[in-house]
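Participant: Quick one: structure below, then a few questions.
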Amino acid sequence: MSKIIKVLIVLVILVILLIAGVVGLGIFAVSQIDNLAKAAIEQGGTRAMGTQTTVDQVDIGLRAGTFAMSGFGVANPEGFSRTPFLTLADAGVSLDYQSLQGGGQDVVITLPTFTMNDVDINLEKDKGDANYTVILNNIKKTSGSGDGGGQQPTPDEQEQPRFIVNEIDIKDVDIRVDMLPIGGDATVVTLPIERIQLSDVGSDSDKGLLARELVTIVVQAILTEAKNKGAGILPAEILSDLEGQLAQLQDLSAMGVNISTELGAEAQKMLEGVSGEAQQMVDDAAKQAEQAVEDAKKDAEDAIRGLLPGGGG
């Protein structure tokens, strides 16, 4: 075999190895996409909430254009119970690839409907300190509400796509309030909300929203509805506190986000029970007042009879 042929064979082998290496790297990247997305969600949530955020599993179907997530959790801030501040059982969305806009670092993805199922939020207040105060203060700092000016995207976030969501559908929300100093089951109350729907999320900006900004909007919306719908169920102190904290954030309607809420039969029954108790108290008070008038009238009549000659008449 001539020397030239041997050189050509070596070059062909090197090209084949190079192509195989590139393809192998691509296969590796695709195989790791779920883990990469999981890490991005956890980092974004931790930055947004100011406390550790974890995800059990992320499943991205590249060919089908689907995204699913399960076991999303936001830990309680330091100094509070080990119960998570927020847990989400699962979430998912179907993506139309035609919704991709831009390219490179300017990709904006429009999601038709992002569904979230079984959300639990745990609100704690202990000796004047509240876990939701810590969370909302961090949201204020990262979102730019108030004097914070907002946090600029990190280098990793600059590489991430942004999102516009036509509708976020949050189903089966339980908001649990625990007044820690008293202790016992009597201090724990729960507000069940059947459904919270957000529309036009991120539509007020052509740039869309980062993943962490989506997280903060969802948390803000749930706490806003807790404040709006919790009268008669949640403690008045908590509701007043939430109102003051939320007033320091940018109003969701000013961001183009619309909210609609369904309390569901369980919450309605609770409210009717509270209303019934209040009405019973009013009725009892009215009866007591009426009886007091009758007793006073009788006493007055008896006193007048005692003053008249012969005992009255």
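We did not get these values from a lab; they are worked out from the coordinates using the rules stated. Because the structure is predicted, anything quoted here is derived from the model rather than measured. In this analysis, Cβ positions are derived from the backbone assuming ideal geometry, glycine residues included, and neighbour counts consider all displayed protein chains.
Participant: If I model a spin label at residue 266 and residue 113 as a point 7 Å from the Cα along the Cα→Cβ vector, what separation in nanometres do I get?
Facilitator: 2.2
Participant: If we count every other residue with Cβ under 11 angstrom of residue 246's Cβ, Lys/Arg +1 and Asp/Glu -1, where does the sum land? Before the final figure, lay out the partial values.
Facilitator: Working: positive: 140, 227; negative: 225, 241, 243, 251.
Charge balance near residue 246 sits at -2.
Participant: Want the number for residue 301 to residue 126: 0.36 nm per residue separation, take away the alpha-carbon distance, what's left? Walk me through the intermediate numbers first.
Facilitator: Details: separation 175, 0.36 × 175 = 63.00 nm, distance 5.67 nm.
Separation in residues times 0.36 nm, less the Cα-Cα distance, equals 57.3 nm.
Participant: Would you mind getting me the FRET efficiency between residue 237 and residue 174? Use the beta-carbon distance for r and R0 = 35 Å, nearest 0.05. Write down the numbers at each step before the final one.
Facilitator: Details: r = 20 Å, r/R0 = 0.57.
It comes out at approximately 0.95.
Participant: A follow-up question, please. Taking 0.36 nm per intervening residue step and subtracting the Cα-Cα distance, what contour gain separates residue 207 from residue 57 on full extension?
Facilitator: Details: separation 150, 0.36 × 150 = 54.00 nm, distance 2.79 nm.
Here the answer is 51.2 nm.
Participant: With respect to the cross-link table entries 229/269; 171/227; 38/125; 141/171; 171/269; 38/227, which display a Cα-Cα separation exceeding 23 Å?
Facilitator: Numbers: 229/269 13 Å; 171/227 18 Å; 38/125 31 Å; 141/171 28 Å; 171/269 19 Å; 38/227 31 Å.
Listed pairs above 23 Å: 38/125; 141/171; 38/227.
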